[in-house]
Amino acid sequence: MPALEVLNISRTRIKSLPDLLFQLVSLKRLFLNECILLRMLSAKVGGLRNLEVLDLEGTKLMGLPKEIEQFVNLTRLEVSILGSTSCKLSKEPHPLIPSGVLLSLSHLEELNIDVGPDAEWWDSCTEVLVDEICSLGRVNTLKFYFPKVELMRQFDPTSSSHFRIIIGKHIGHIVSQLPPDIEFELEHWDRYLKYIHGKGVLQDMMKVLRQADAFFLDRHTDLKKLSGFGKENLEQLRCCVLGECNELQVLIDGEDFGKESDRICLGSLEYLYVYYMRNLETIWRGPVQKRSLFLSEVPVITDTPEDYQHVYTRTA
């Protein structure tokens with residue numbers, strides 16, 4: 001047993017890690033997914049110094065022990081932190097992820113910290129974590145929740161070949177009405193950005209949008225048209241989902257670009273889903289670029305109180 005290198009005890013009802021596990025000094029890959037009764041990791045876990053993969057996705061932990069910093073060979077860390085019911089945790093004397101732990105994981109290539117957008121206590125934790133994450137030079141796959149757009153300022157999306165970034169937070173614990181199959185569609189793309197309850201057009205968000213191939217705009221408060229984000233920031237989008245943006249009137253306004261523009265607006269788009277848009281009048285308005293494939297080849301799936309009689313309003 002001490003020579004064991006891979007251990008998967010996912011989806012079990014363990015409440016704590018068995019002492020026998022800490023004797024597996026050769027262990028390199030440990031999977032503890034969706035262990036619904038497991039809330040804490042023992043400090044003894046630090047003895048597993050040869051770990052390269054620690055996958056705790058779906059196991060809602062109350063925090064990570066500081067001893068995680070001893071995993072100097074770790075290349076992949078996935079962890080889920082307990083959601084809104086743990087607001088009281090912010091009053092505990094130790095942080096959910098102790099300061100300096102992530103910085104110690106200098107070989108980290110994949111990092112997933114899963115926190116629900118309704119977790120109010122997360123706001124006070126993220127600033128230090130963002131500083132540490134942005135100092136990790138090898139991370140090329142990042143899944144992270146930024147409660148404020150301003151925290152994106154340090155993040156360089158060009159350094160990540162894969163990311164799942166959530167910006168913003170649910171207000172009043174109102175959850176999205178996005179169907180599960182559409183959520184699944186979004187999740188399978190390599191570079192996915194979800195923007196919740198945004199206001200205005202902010203550069204810190206758009207630098208990530210520019211690199212994204214999937215985008216979910218959820219309940220933006222004042223955006224009138226999707227093309228207001230700038231055509232250059234929509235170029236790489238292949239999947240776009242828009243929901244409950246009640247001020248949005250049009251997706252693409254052709255007058256913004258003109259017929260002779262070199263850039264094709266949404267020229268890479270393959271999938272568009274629009275739902276519950278109270279004031280949406282049309283998908284495309286005004287002149288259509290001659291080389292644009294968006295209107296002719298992209299399926300537009302809508303789920304609104306009333307079907308559109310005129311999906312496109314366009315001029316020659």
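The values are calculated or read from the model by the stated rules, or taken from the named source; none is laboratory data. Predicted, not measured: the structure shown is a model, and the values here were computed from it. Neighbour counts are summed over all protein chains in view; Cβ atoms, including those assigned to glycine, are modelled from backbone coordinates with ideal geometry.
Residue by residue, here is whether (1) in contact with a Pro (Cβ under 8 Å, 6 or more places away or on another chain); (2) modelled with pLDDT under 90; (3) not assigned by TED's automatic domain parsing to the domain that holds GLU67 holds:
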| position | (1), (2), (3) |
| --- | --- |
| THR85 | no, yes, no |
| SER90 | no, yes, no |
| SER104 | no, no, no |
| GLU109 | no, no, no |
| PRO117 | yes, yes, no |
| ASP123 | yes, yes, no |
| LEU129 | no, no, no |
| LEU136 | no, no, no |
| ASN140 | no, no, no |
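Exactly one residue among ASP213, ASP204 is modelled with pLDDT under 95 and either in contact with a Cys (Cβ under 8 Å, 6 or more places away or on another chain) or buried (at least 16 other Cβ atoms within 10 Å of the Cβ) (or both), and that residue is ASP204. Filtering ARG314, ARG278 for residues that are assigned to a loop (DSSP other than H, G, I, E, B) and either modelled with pLDDT under 55 or within 18 Å of HIS220 (Cβ to Cβ) (or both) leaves a single hit, ARG278. Note down all Cβ pairs under 8 Å where the first residue falls in segment 37-64 and is surrounded by fewer than 18 Cβ atoms within 10 Å (Cβ to Cβ), the second is assigned to a strand (DSSP E or B) and of a type in the set (Gly, Ala, Ser), and they're at least six residues apart or on different chains. Listed pairs, sorted by first residue: GLU57/SER80; GLY58/SER80. In this structure, ARG153 qualifies as exposed (fewer than 14 other Cβ atoms within 10 Å of the Cβ) and of a type in the set (Lys, Arg). Counted as qualifying within segment 11-87 are the strands (runs of 3 or more DSSP E) with 2 or more residues that are in contact with a Phe, Trp or Tyr (Cβ under 9 Å, 6 or more places away or on another chain), namely 53-61, 76-81. Residues that are touching a strand residue (DSSP E or B) at 6+ places or on another chain (Cβ under 9 Å) and closer than 18 Å to HIS107 by Cβ were ranked within segment 57-68; the one that is modelled with the lowest pLDDT is LEU64.
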